[in-house]
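Below you'll find the structure, written out as structure tokens, and then a few comments.
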Amino acid sequence: MIDGALSYIDQKLKAGSLNPAAAIPPFGTNPGGVDPSDPPTVPKWKANLGMQYKAELGDSGSLTPRLDFTYQAKQYTGPNTSVTPRGRTFLPSFTTLNGRLTWRNADEDLDISLEVTNITNEYYYLSRFNLLGAGGGFDKALPARPREWALTVKKKF
């Protein structure tokens, strides 16, 4: 079984739809405001692909390996925060790989799974909030979880 998804967003801001009070000087009063050239705060590309194969083992049940691949393009996390140059806060693109191996007995009432998330131990951020350029004095980020593993046993009654 193969499953996947792909998304592409080409969002652009229209100058006429922006509040002039939130524009950059000399047109507005907010130096950290929105400019029509600001990129959208969603990633342009996202993709995932999952693959699994159930191998029948006769009286010994079945064994199902699965891999899940995820990609997310660079994502801007807010408007520009300084006037000259207009620096942009963003999350770099990242790719993750997760895997799972499941054994199921012949009666299909017992599953034992070994799962590993973030197999490559990719270090990336889920969110970032930077107020250094606006004079706020801090830059906060939330890193994603490192490689983790789990063993799961499920019994149906």
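In the range 14-32, is there at least one residue being modelled with pLDDT of 90 or more, out of contact with any strand residue (DSSP E or B) (no Cβ under 6 Å at 6 or more places or on another chain) and farther than 23 Å from residue 144 by Cα?
Residues of the range 14-32 modelled with pLDDT of 90 or more: none.
Checked against the condition, which is being modelled with pLDDT of 90 or more, out of contact with any strand residue (DSSP E or B) (no Cβ under 6 Å at 6 or more places or on another chain) and farther than 23 Å from residue 144 by Cα, the range 14-32 yields no hits at all.
For the residues 108, 148, 122, the requirement of being of a type outside the set (Phe, Trp, Tyr), at pLDDT below 95 and more than 26 Å from residue 76 (Cβ to Cβ) singles out 108.
Among the residues that make up the range 33-44, is at least one of them buried (at least 16 other Cβ atoms within 10 Å of the Cβ), within 14 Å of the chain's Cα centre (by Cα), at pLDDT below 95 and in a loop (DSSP other than H, G, I, E, B)? I'd like the intermediate steps shown before the answer.
Step one: list which residues in the range 33-44 are buried (at least 16 other Cβ atoms within 10 Å of the Cβ), which gives 33-35, 38-39, 43-44.
From what's left, within 14 Å of the chain's Cα centre (by Cα): 43-44.
Add one more test, that the residue is at pLDDT below 95, and what stays is 43-44.
After this cut, where a residue has to be in a loop (DSSP other than H, G, I, E, B) as well, the list is 43-44.
Yes, there is a match, as at least one residue in the range 33-44 is buried (at least 16 other Cβ atoms within 10 Å of the Cβ), within 14 Å of the chain's Cα centre (by Cα), at pLDDT below 95 and in a loop (DSSP other than H, G, I, E, B).
Mind counting the residues in the range 139-154 that are of a type in the set (Val, Ile, Thr) and either in a loop (DSSP other than H, G, I, E, B) or exposed (fewer than 11 other Cβ atoms within 10 Å of the Cβ) (or both)?
Just the residues of the range 139-154 that are of a type in the set (Val, Ile, Thr), to begin with: 152-153.
Among the residues that remain, those that are also either in a loop (DSSP other than H, G, I, E, B) or exposed (fewer than 11 other Cβ atoms within 10 Å of the Cβ) (or both) are: 153.
Number satisfying all stated conditions: 1.
Taken over the range 90-99, residues that are without any contact (Cβ under 8 Å) to a residue 40 or more places away in the chain and either among the charged types (D, E, K, R) or not in a strand (DSSP E or B) (or both) amount to 1. Kindly check whether there is at least one residue in the range 70-89 that is modelled with pLDDT of 95 or more, more than 30 Å from residue 141 (Cα to Cα) and outside any loop (DSSP other than H, G, I, E, B). Within the range 70-89, none of the residues are modelled with pLDDT of 95 or more, more than 30 Å from residue 141 (Cα to Cα) and outside any loop (DSSP other than H, G, I, E, B).
The values are calculated or read from the model by the stated rules, or taken from the named source; none is laboratory data. Just so you know, these numbers come straight off a predicted model, no measurement behind them. Backbone-built Cβ (ideal geometry, glycine too); neighbour counts: all protein chains shown.
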